[in-house]
Every structure is written in C-alpha cells, then in structure tokens.
Amino acid sequence: MSPPSLVRWASLFVLGMTASQVSAIATISAVGAKFFNSSSGDQFYIKGVAYQLTDDDPLVDEDQCKLDAALMQELGANTIRVYHVDPNENHDGCMSAFADAGIYLFVDLETYNTSISQSAPEWDSKLLDSYEKVLDTFQVYDNLAGVFVGNEVLTTANGSWAAPYVKAAARDVKAYRDSKGYREIPVGYAAADIAELRPMLQDYMACSTNSSEDLDFFSLNAYEWCGDNTYEGSGYSELQKNATGYSIPIFFSEDGCNTSPPRTFEDQSAIFGDEMADTWSGAIIYEWIQVANGYGLISYGPSVSATATGSDISDGFTVKGTPTPISPDFSNLKSVWATLTPTGVALSDYTASASTITPLACPAETSGVWNVDPSAALPTLGQAATVSDSASATGSGSSSSGSGTSSGSSASSTASSSKGAAAAGIVSPGAGLLGSTNAVAIYGTLVAFTGFMAWWL
C-alpha cells in the first residue's frame, strides 16, 4: 500500500475513533418514577438550565455551544432545555459539544406555530408530523434525555379540557417512536403552575392502566420559592405531598424565582435534599442568557439600544459571544449545586419495586374545576374539541400559580413569556419527514467500517 493510502486510511481511522468518542455518553432512561444512567445504573438527577438565546434554534452554532458548554460544566449543570429547534438544520456540532461536557438535552417538540391550543384544543396529523420531524432529527443523539409534547398548554383554571389532547399527543409520539425502532426516549409535558388544576392534571397525565397512554415523565414550571423562604412557606411541602407515590418521574422544568434579588437558589437544597430527592428528579433553572426579564445566569456583553440591529443582537441584548457570569447569581447557583450530590437508588436495587408501582387513580370530574371524564377515551388523531366541551369548561378563568402561602405565586409563567411557551392556537402544516436521520446512520456505518478496515490492514 502506498504512503498516501496509508495516510488516508489513518485519517479515516482517526475520524472513526473521534465519532465513537463524541457519542460515548450513556443514554438516560425512565424506569418507574425515576431516571437512570443506562451505563452505570445510577439514578440521574437533573441540574439544568433553560437554553434558548434567541427565538431561533440555538443548537446550530457549534462554536457558541462549545463556549457555553464549557461554562455550564463549570456551573455544575448536566442538562439543558431548549424550547424551539429547526429540524432541518444540522445539530451535530452542538450536540457533540454538550455531550463532551456531559450535558443532556430535553427538547420541546412544538414550535412557535405548531402547538396544542388551550382555547380550541385539537390533535391532528399536521401537528403529529411536525413533532415526529423533530424527534427524527434528535433521536440519533445519545444525550437526548427526553422530549416535551407541550409547554404550558393549560394556562388558566378553566383550561382542563385541553388535557386529553396533550395526553393524546404523548400517546401518538410514543407509538411513533416505538414503530421506528428508536430507543425509549422519555416523552413528557411541562405544566404551568396553576394551583386550581393541581394535583388533578399531574395525576391525569399518569393515571391510565395502559402505559402506552401515559406520559413517561411530568414536569412543572414553578417559581414558588422566592428570596428567603422555607420549605413550608414556599409551598414546596405541598408540591412534595402531591407528588408522593407518583408513578413516573417528576421534576421542575423551569425554576428560579427572581422577585427578590439576588437569587440564592435556596430551594435547590430542598429539591436535592432529604425533603424531596426521593420523589423529585431535579430542576432546570430559568435561564442561561440575560435578557429583559432578568433571569439570566450569563451575559454576552452589555445591553444595547432596543432599536439596534445585527446578527448578534436581539431585543437590545447581545446573544452571541463569550459568556460572562452574572454576579452573584451564577456563583450562588454554582456554590449551591456543588454541595448537593444525592446518590438516589441504583437501578439494580430499584427494578423490582418499580414493577410493582401502581398508577394513581384518574381524578374525578368536578364541574367548573376539572372538566375531564376519567372514563372517556383519549382523542383520536384528527379530533377537535366540540362546542359542548367548551360549554362544560367553566371556571374562574383566572390564571394562578403556586400555593396560597407562596411568596412567589405571582412569578410563575412570567419567565417563560420570553422564550418558553409557544403561541397558542396557531397551527401550520407540518412538512415531510427529514431524511438526515438515515444519512447520519449511513455515515456512522461507513465510519465504523473504515475504522475497522484501517485496523485490519
């Protein structure tokens, strides 16, 4: 074999080794009411940050992702949540950057114009096609920890009639996942913290005796613990009471009240401590970038004029560059997380008890409060809510968050108004399924083959 050929094969061998190393991160699975690392069997606790940067897909700029992943690793984060992505883009660089830093992704399947509407609930093939497209794109990444079929679809006390449509979405996304032979990527929902609907919504999402109709996890966007509060005074004791005995993993998909700055993140000690760690699987702090709502952990530079334009400017803030920690919030969270390392339970010790977990009973229908018949079948694909459903969905119509004793009750859903919730009721046709999944699979096969050949020769 000529020297040039040896060089070429050696290069392919290195490429094959690099690809193998990039994907060498254990997957996360949901078993019973907990998450586990598939390699070590250790229980997985989420220490996450919401990562959107702009209204566009933040997982397409590899250089930016590398900068952010490095600082997140220093912070102690192991998870990010991204609300909106473009399945037509290439995400290999960013997903590798986060995998190399030991960071997992929870991604929302909905977009700004494809989501389930609370005001006129329906679940149709256009929405399903759109959700499937995102799943097709991201399922190739081992550090995909889970997907959301909705974010704060129910936002008012009289929004319960939309709940079956969220659950139908989870059912069909799970069925599609299984039909494609994908690994059992957990499918769940991020709920607004509406006191009138808790714990009915929480129980409803996991109450079926048919596991194919249940969510794989449930999460809560909650901003109840504000400033110098307590486990009881914040309402967390009530959240724990409602979650005790829950049959699927539950965690905070948004957290970090900022009404009493600076943020000291005292609630993390409860979430990862003796009070809640046996029931809750962690928290995702809102949010990474500093914008007008003041929830940021880092900034990419000083604020600029609200009318300023440029590829790195959005609404008066720089959205790209070297991340600089916001003081003292960043260091406060880093310090708190460093002291919190719950071990949980090993999968080998948990499997037997997980098989005996019984889902909670579905909440009874209560006129004006919980307008969902527990015995009714879930909506079928293409079904929309009827006028009669609307007539039964009565209630106060007010949005409330937290418990009555929570000093942070007015904060819930405020943070997510920046980049969290998709616009409700706006549905656009979904496009055809992306072909990049097959391309990635073929590429991986070729790389593996060439690596083997280089070794053999």
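For region 33-434, DSSP calls about 20 percent of its internal beta bridges antiparallel.
Go through 236-248, 89-101, 141-153 and give me the packing order, highest mean Cβ count within 10 Å leading.
Averaged packing, sorted descending, gives the order 141-153, 89-101, 236-248.
Could you please state, rounded to a whole Å, how far the C-alpha centre of region 55-94 is from the C-alpha centre of region 136-156? So the separation of the two Cα centres works out to 15 Å.
For the cross-link pairs 174/241; 133/320; 66/167; 47/241, which exceed 24 Å when the distance is taken from alpha carbon to alpha carbon? Correct reply: 174/241; 133/320; 66/167. Close amide H partners of residue 191, meaning residues 5 or more places away or on another chain with modelled amide H under 5 Å apart, are 152, 219, 220, 221. Per-residue extension of 0.36 nm, minus the Cα-Cα distance of residue 74 and residue 376, leaves a gain of 103.9 nm for this segment.
Please give me, ordered by residue number, the trypsin sites (Lys or Arg not before Pro) of region 147-234 that lie in loop per DSSP and have at most 15 other Cβ atoms within 10 Å. Sparse-neighbourhood loop trypsin sites (Lys or Arg not before Pro): 180, 183.
Computed from the coordinates by the stated procedures, all read-outs in this text should not be read as laboratory data. Being a predicted model, the structure only gives us computed values, none of them experimental. Neighbour counts run over all protein chains shown; Cβ positions are idealised from the backbone, glycine included.
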